[in-house]
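**Q** One structure is given below, represented as structure tokens, and several questions about it will come after.
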Amino acid sequence: MSSDVMIQTQDLSKSYGSFKAVDRISFEVRRGEIVGFLGPNGAGKSTTMRILTCYLAATGGTAKVNGKDVFEDSLGVRQSLGYLPQRAPLYLDMGVLEYLRFAADLRDIDASTFKKRARSVVEVCGLAQVLGKEISELSHGYRQRVGLAQALIHDPPILILDEPTSDLDPNEKAEFLEYLKRIGQERTVLLSTHNLNEVEAACARAIIVSRGRVVADGPLADIRAKSGAVRTTLTVSAQGLTGASVSEAEVTSAIAAIAGVSKVDSLPSEGSYRLDLASPQDVDLRADLFRLAVQKGWLLLELAREAQALEDVFRDLTLGDERKNRDLTAA
Amino acid sequence: MNKVLTIAKRELRSYFDSLVAYVVVGGSMLGLGVWFFLMQQGGFWQIDRASVGRMFEFLPWTLSAMVLPLVTMRSLAEEKRTGTLELLITMPVTDADVILGKYLAALGLVGVLLLATLIYPIALFVFPFHLGALDWGPVFAGYLGTLLLAAAGLGVGLAFSAVSDSQIVAFFFTAVTLIFLHVVGNVVELIKGPVADVISFVSFQTRFAPFARGLVDLRAVVYFASVAILSLLFAFRSLESRKWK
Ligand SMILES: Nc1ncnc2c1ncn2[C@@H]1O[C@H](COP(=O)(O)OP(=O)(O)O)[C@@H](O)[C@H]1O
Ligand SMILES: [Mg+2]
């Protein structure tokens, strides 16, 4: 096995009593990757991360971090990790710098190294303004940054972040992801979230879990494609090329007649008709649509083809969870 | 060992940042003063013997019923409740480092309290008052006994804090256990036989009594130390058991 594999799980399982929170999860994360660990609440993301960080013991399977087994070399694993648990549980009665110092002490970082590391971490996480403050005085966004700073203080090759952005406002979220991109340049990052936009913003690859199992794993483009459907969006002006008006029904029915169009949805727009077409993945409708427009004398304002939105794929893959929540008879 | 000290230092700072340290030290000193000066039959100044024996009637009780439960209740329970334990334990520290660090800090705080109480014998017998020549032997034996009793009680408190995630619950069970261990000694006077022997063996009060008289009882040293060690082992196991739940 290549030494480039920084995190590896093999049939990892964890049961709480008879409830399987994590059910034979296997995946690998390589050096330098930023991987989104995606799933709805209760999917088993935190449980998996707690096993990787040696807080919990697995009930089955193995997990290796930086080539070390989480069970056999727990200290070694924890040395090469920076971890930010969900909701950044920091000691509220400590000052920011004091907390970083504490984290550094527990990681055997000497004073001069700490100075250097602290400077870089404070810069990367944007903490200069709050260094002297007590953590209890900080907003959630800043606490999250302090949490990230403590995870980086020893310059670890691997970062595990559990829903680091879930309680942040949109601005804080965007900033945090910006920091993350910088940090991730020379590190391996496993980032859990139930928010897809974050994965799209920060990760090239995603592992989607649902009810304790991996339901998709791969580059985002592949995961999108996994649903086997593509969307084509087009906009036709309500005024034809010659100035004659065009009716929506006419446009819709002509397009629906094209071979390969499986669904036509109309989207709101003004002075034009905006349509969302679904088709199988191996069909490209664009040439046919252009020809149709020319032939009918329509004015084509927009024509785009994209894989199904990640959001839709995610919903398809994890729908069972939500159904179970709403289905009383299953309980 | 470094990590134990780092954890202990943080914990001790947190005691002094919150009210705990001041309540514990200030409250005990106040209680001791009241006990000394106001609750003495015939009044304190009537005392005919230069002794601080009264102090060692007061301290074990206060420690068992209030101080030791108060000092240990948060140690692990609060960290479990707020989730900070997860961040602490996923640092490269062992579970034993965490337990020992917390224990050391609690012992440190009680140590500070005991040092503060030295003010009383010093004020009464050295400066500014000179109520006579104080025999320091029994004073030191008394302090040693008190420290040992505290060491055992803090272990018990830490164990309860490790199994609970409510500091109130931890306080309650620690106080009840320590008070029980204390008063159970009084039962001995009512019953006789092997049961009485066992009871007087485990009773903090009975074990402490020789120290209050100025004797260092080796069996009691072993007993208190054993209670401390067993409690810490229990706390350690309980902390470790989170992994398998
Ligand atoms: N300590 C625990 N005891 C019992 N069940 C738990 C415990 N922790 C988590 N669970 C359950 O395990 C499942 C997965 O939880 P978790 O890993 O926290 O999910 P996620 O982080 O993806 O939201 C949930 O159904 C949760 O209720
Ligand atoms: Mg979670």
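The values are calculated or read from the model by the stated rules, or taken from the named source; none is laboratory data. Note that the structure is a prediction, hence the values are computed from the model and not measured. All Cβ positions, glycine included, derive from the backbone under ideal geometry; neighbour counts span all protein chains shown.
**Q** Hey, which of the strands (runs of 3 or more DSSP E) in region A:33-93, taking only ones fully inside, have at least 3 residues that are within 16 Å of ligand 1 (Cβ to nearest atom) and over 19 Å from B:ARG242 (Cβ atoms)? Before the answer, list the steps.
**A** Numbers: elements: A:34-38, A:60-65, A:81-84.
Here the list reads A:34-38.
**Q** Could you say whether any residue in region A:242-251 is assigned to a helix (DSSP H, G or I), farther than 15 Å from A:LEU301 by Cα and at pLDDT 90 or above?
**A** There is at least one residue in region A:242-251 that is assigned to a helix (DSSP H, G or I), farther than 15 Å from A:LEU301 by Cα and at pLDDT 90 or above.
**Q** Also, I was wondering about something else. In region A:99-115, what residues are away from every other protein chain (no Cβ under 12 Å) and not aromatic (Phe, Trp, Tyr)?
**A** A:LEU100, A:ALA111, A:SER112, A:THR113, A:LYS115
**Q** Another question, then. Would you point out which residue out of A:ARG107, A:ARG78 is over 12 Å from A:GLN150 (Cβ atoms) and buried (at least 19 other Cβ atoms within 10 Å of the Cβ)? First the steps, then the outcome.
**A** Working: A:ARG107 fails: over 12 Å from A:GLN150 (Cβ atoms).
Exactly one residue qualifies, and that residue is A:ARG78.
**Q** Look at A:GLY42 and say whether it is surrounded by fewer than 18 Cβ atoms within 10 Å (Cβ to Cβ) and closer than 25 Å to A:THR165 by Cβ. Explain how you work it out, then say what you get.
**A** On the way: surrounded by fewer than 18 Cβ atoms within 10 Å (Cβ to Cβ): yes; closer than 25 Å to A:THR165 by Cβ: yes.
Taking the combined requirement at face value, the residue satisfies it.
**Q** Continuing with the same structure: Within region A:83-103, can one find any residue that is polar (S, T, N, Q), over 25 Å from A:THR165 (Cα atoms) and either within 16 Å of ligand 2 (Cβ to nearest atom) or surrounded by fewer than 22 Cβ atoms within 10 Å (Cβ to Cβ) (or both)?
**A** No, region A:83-103 contains no residue that is polar (S, T, N, Q), over 25 Å from A:THR165 (Cα atoms) and either within 16 Å of ligand 2 (Cβ to nearest atom) or surrounded by fewer than 22 Cβ atoms within 10 Å (Cβ to Cβ) (or both).
**Q** Quick check on my filter: what residues within region A:31-60 are within 29 Å of B:GLU79 (Cβ to Cβ), away from ligand 2 (no atom under 16 Å from the Cβ) and either facing chain B (nearest Cβ under 10 Å) or touching a helix residue (DSSP H, G or I) at 6+ places or on another chain (Cβ under 9 Å) (or both)?
**A** A:CYS54, A:ALA57, A:ALA58, A:THR59
**Q** Which of (1) of a type outside the set (Ser, Thr, Tyr); (2) under 16 Å from B:VAL227 (Cα atoms); (3) within 14 Å of chain A (Cβ to nearest Cβ); (4) free of Cβ contacts under 8 Å to residues at least 40 places away in the same chain does B:LEU100 not meet, given it meets every other one?
**A** Of the numbered conditions (1) of a type outside the set (Ser, Thr, Tyr); (2) under 16 Å from B:VAL227 (Cα atoms); (3) within 14 Å of chain A (Cβ to nearest Cβ); (4) free of Cβ contacts under 8 Å to residues at least 40 places away in the same chain, the odd one out for B:LEU100 is (4).
**Q** Which ones in region A:259-278 are of a type outside the set (Ser, Thr, Tyr) and either assigned to a strand (DSSP E or B) or touching a residue at least 60 places away in the same chain (Cβ under 8 Å) (or both)? Quick ask: steps written out before the conclusion?
**A** Pass one, region A:259-278, residues of a type outside the set (Ser, Thr, Tyr): A:259-261, A:263-265, A:267-268, A:270-271, A:274-278.
Residues satisfying the conditions are A:LYS263, A:VAL264, A:ASP265, A:LEU267, A:ARG274, A:LEU275, A:ASP276, A:LEU277, A:ALA278.
**Q** Considering region A:61-86 alone, what residues qualify as being facing another protein chain (nearest Cβ under 7 Å) and of a type in the set (D, E, K, R)?
**A** A:ARG78
**Q** Exactly one of these conditions fails for A:ASP222: (1) in a loop (DSSP other than H, G, I, E, B); (2) without any contact (Cβ under 8 Å) to a residue 24 or more places away in the chain. Give me its number.
**A** (1)
**Q** Take B:PHE171 and tell me if it is part of a helix (DSSP H, G or I), at pLDDT below 95 and among the aromatic types (Phe, Trp, Tyr). Please lay out each step first, then the result.
**A** On the way: part of a helix (DSSP H, G or I): yes; at pLDDT below 95: no; among the aromatic types (Phe, Trp, Tyr): yes.
Here the answer is no, as B:PHE171 does not meet what is asked.
**Q** For region A:119-138, does any single residue satisfy the condition of being within 14 Å of another protein chain (Cβ to nearest Cβ) and within 16 Å of ligand 2 (Cβ to nearest atom)?
**A** Looking through region A:119-138, none of the residues is within 14 Å of another protein chain (Cβ to nearest Cβ) and within 16 Å of ligand 2 (Cβ to nearest atom).
**Q** While we're on this one: Under 8 Å between Cβ atoms, at least 6 apart or on separate chains: pull out the pairs that start in region B:110-121 with a residue that is in a helix (DSSP H, G or I) and end on any residue that is hydroxyl-bearing (Ser, Thr, Tyr).
**A** So the pair list comes out as B:LEU113/B:SER28; B:LEU114/B:TYR143; B:LEU114/B:THR146; B:ALA116/B:SER28; B:THR117/B:SER28.
**Q** Now, a different point. What is the residue count in region A:158-214 for residues that are within 21 Å of B:THR90 (Cβ to Cβ), of a type in the set (Ser, Thr, Tyr), within 16 Å of ligand 2 (Cβ to nearest atom) and in a strand (DSSP E or B)?
**A** So the count comes out to 2.
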